[in-house]
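The values are calculated or read from the model by the stated rules, or taken from the named source; none is laboratory data. Since the model is a prediction, treat every value here as computed from it, not as a measurement. Reconstructed Cβ throughout: ideal geometry from the backbone, glycine too, with neighbour counts over all protein chains shown.
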Amino acid sequence: MWADILAWLNLALRWFHVTAGIAWIGSSFYFMWLDAHLKPNPKAPKGVYGELWAVHGGGFYHKQKYTVAPADLPDDLHWFKWEAYTTWITGFLLLTVIYYAGAGVYLVDPAKADLEPWQAVLIGLGFLGGGWLVYDGLCRSPLGKRNLPFGVVWFAMLVAACWALTRLFNDRGAFIHVGAMIGTVMVANVFLIIIPNQRKVVAAMLAGEAPNPALGLQAKQRSVHNNYMTLPVLFLMVSNHYPMVVSSPINWILLGGIGGSGWVIRHFFNLKNTGQTKPMVLVNGVMIFIAVIIAAEATKPKPTASKGEVHFAQVQAIVSTHCVMCHSATPTHAGFTAPPNGVSFDSPDLIRKYAPRIEERAVTTDSMPLGNETHMAPAERQMLGQWIKSGAKLDTASQ
């Protein structure tokens, strides 16, 4: 019963998280586009930086942006904040329900670091908070005034964090924590900088004082940073579906390449929004991604062939020991009420059907079993690989 409740809670939180994330990222992309398309109008009211006319949904919209603030505030002023807050809250609850409640499986890898689950949870939380402190410190330093050097240093910090986490956690847990670090930085920008600065501007106007322009500039800087971090964080949120990246021996380098590719591609569209179409920027982003593919394939571990012929009975014994507690129509592993991704190994035909997935997850990479909870030995992985390489035959007569 409790496992069923956890499964539904997982679904509800994930659905809510995705919905909120779409709303947050959509508004971020829209306002970056809007800023880039504002045009000055000599006839506009005093203090208007630029304006834009648009048509959508059968109606016309007239948008104006003030350099600092209008002379008088309207009675109804919308604040864009809950999109960010709900995305982070639901994401953290998911992190807690899946990775912290199941830290022994989803975070701890004894082959890397012999951590107790509670220690792994504290380390994870430390990276979330520490990431914000490092980022905010960089923004407030002289480096924060120079976009390109700042971006290079922050990028290097994130890659270093990924390297460190992949030495402490299993690969899946490490990647999701890099994503959670970036997401925490993004929402902290909204909660601690952007919204408070906007409140200070509003308070100054209500008091009849001139707002400080520096507040708007600081908020704008953090908003731009958030915009550039969206594509990398989106990849990280779905990264566990791609073991050729997550479980690669150079996974932290591959993540750096994919993150860099996302930043460059985002830069292309931000430039395009300002009327600067530079195809080579987009080409560079694609080339970085292609370089990631080449690096991943070149460093892919070559499975060591098992000595002698491997019979299906041996394969079925390995699968029964290490896989079917989760991958079964009736899972026995705590927290599972259905086989992950619908993959079940309950019969010989099903094992043969999913042989390519077994090879990807347990032979080419060691992403399964999760955290190698059942201690699958290298020799067992070699036997699975040899069986699959030999045609994944069901030599049931040999049983």
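If you check L236 against the conditions, is it under 22 Å from A160 (Cβ atoms) and aliphatic (A, V, I, L, M)? Give the derivation first.
Working: under 22 Å from A160 (Cβ atoms): yes; aliphatic (A, V, I, L, M): yes.
It is true that L236 is under 22 Å from A160 (Cβ atoms) and aliphatic (A, V, I, L, M).
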Among residues of the stretch 250-285 being more than 21 Å from H225 (Cα to Cα) and surrounded by 14 or more Cβ atoms within 10 Å (Cβ to Cβ), the residue farthest from the chain's Cα centre (by Cα) is I250
Kindly provide the set of residues from the stretch 340-354 that are surrounded by 13 or more Cβ atoms within 10 Å (Cβ to Cβ) and either touching a Phe, Trp or Tyr at 6+ places or on another chain (Cβ under 8 Å) or of a type in the set (S, T, Y) (or both), ordered by number.
V343, S344, F345, P348, I351, Y354
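Can we say Y61 is out of contact with any Pro (no Cβ under 6 Å at 6 or more places or on another chain) and in a strand (DSSP E or B)?
Values: out of contact with any Pro (no Cβ under 6 Å at 6 or more places or on another chain): yes; in a strand (DSSP E or B): yes.
Judged against the criteria, Y61 is a match.
Kindly indicate whether S320 is of a type in the set (G, A, S), out of contact with any strand residue (DSSP E or B) (no Cβ under 6 Å at 6 or more places or on another chain) and buried (at least 18 other Cβ atoms within 10 Å of the Cβ). Talk me through it step by step, then tell me what you get.
Working: of a type in the set (G, A, S): yes; out of contact with any strand residue (DSSP E or B) (no Cβ under 6 Å at 6 or more places or on another chain): yes; buried (at least 18 other Cβ atoms within 10 Å of the Cβ): no.
Spelling it out, it is not the case that S320 is of a type in the set (G, A, S), out of contact with any strand residue (DSSP E or B) (no Cβ under 6 Å at 6 or more places or on another chain) and buried (at least 18 other Cβ atoms within 10 Å of the Cβ).
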So F336 passes all but one of these: (1) in contact with a Leu (Cβ under 8 Å, 6 or more places away or on another chain); (2) of a type in the set (A, V, I, L, M, F, W, C); (3) touching a residue at least 60 places away in the same chain (Cβ under 8 Å); (4) more than 22 Å from S390 (Cβ to Cβ). Which condition number does it fail?
(1)
(1) under 30 Å from G104 (Cβ atoms); (2) at pLDDT below 85; (3) surrounded by 13 or more Cβ atoms within 10 Å (Cβ to Cβ); (4) not aromatic (F, W, Y) all hold for A392 apart from (1)
Can you name every residue in the stretch 123-142 that is closer than 19 Å to W263 by Cα and without any contact (Cβ under 8 Å) to a residue 40 or more places away in the chain?
L138
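Sort through F16, F80, F31 and tell me the only one that's part of a loop (DSSP other than H, G, I, E, B), among the aromatic types (F, W, Y) and within 33 Å of the chain's Cα centre (by Cα). Before the answer, list the steps.
Details: F16 fails: part of a loop (DSSP other than H, G, I, E, B); F31 fails: part of a loop (DSSP other than H, G, I, E, B).
Being part of a loop (DSSP other than H, G, I, E, B), among the aromatic types (F, W, Y) and within 33 Å of the chain's Cα centre (by Cα) holds for just one of F16, F80, F31, which is F80.
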Lone qualifier among Y106, Y85 - being closer than 20 Å to M368 by Cα, among the aromatic types (F, W, Y) and assigned by TED's automatic domain parsing to the domain that holds P196:
Y106
Considering every residue within the stretch 38-53, establish whether at least one is modelled with pLDDT of 85 or more, crowded, with 16+ Cβ neighbours inside 10 Å, outside the structural domain of T274 (by TED's automatic domain parsing) and in a helix (DSSP H, G or I).
no
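Please determine whether any residue of the stretch 45-52 is β-branched (V, I, T) and free of Cβ contacts under 8 Å to residues at least 40 places away in the same chain. Quick ask: steps written out before the conclusion?
At the first step, the residues of the stretch 45-52 found to be β-branched (V, I, T) are 48.
Subsequent filtering for residues that are free of Cβ contacts under 8 Å to residues at least 40 places away in the same chain retains 48.
Yes, the stretch 45-52 contains a residue that is β-branched (V, I, T) and free of Cβ contacts under 8 Å to residues at least 40 places away in the same chain.
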Take the residues in the stretch 311-357 that are aromatic (F, W, Y) and farther than 22 Å from A103 by Cβ; name whichever of them is farthest from the chain's Cα centre (by Cα).
F312
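Do you know which residues across the stretch 321-333 are of a type in the set (S, T, N, Q) and free of Cβ contacts under 8 Å to residues at least 12 places away in the same chain?
The initial filter retains those residues of the stretch 321-333 that are of a type in the set (S, T, N, Q), namely 321, 328, 330, 332.
Scanning the stretch 321-333 gives T330, T332.
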Looking at (1) at pLDDT below 95; (2) assigned to a helix (DSSP H, G or I); (3) surrounded by fewer than 17 Cβ atoms within 10 Å (Cβ to Cβ), which is the only condition V105 fails?
(3)
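Consider P74 carefully, then state whether it is touching a residue at least 24 places away in the same chain (Cβ under 8 Å) and not aromatic (F, W, Y). Step through it out loud before you land on a result.
Numbers: touching a residue at least 24 places away in the same chain (Cβ under 8 Å): no; not aromatic (F, W, Y): yes.
No: the conditions fail for P74.
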Residue count for the stretch 369-396, restricted to those that are more than 22 Å from P348 (Cβ to Cβ), touching a residue at least 24 places away in the same chain (Cβ under 8 Å) and not hydrophobic (A, V, I, L, M, F, W, C):
4
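Going by the conditions given, is E297 closer than 25 Å to Y106 by Cβ and under 26 Å from the mean Cα position of the chain (by Cα)?
Working: closer than 25 Å to Y106 by Cβ: no; under 26 Å from the mean Cα position of the chain (by Cα): yes.
Judged against the criteria, E297 is not a match.
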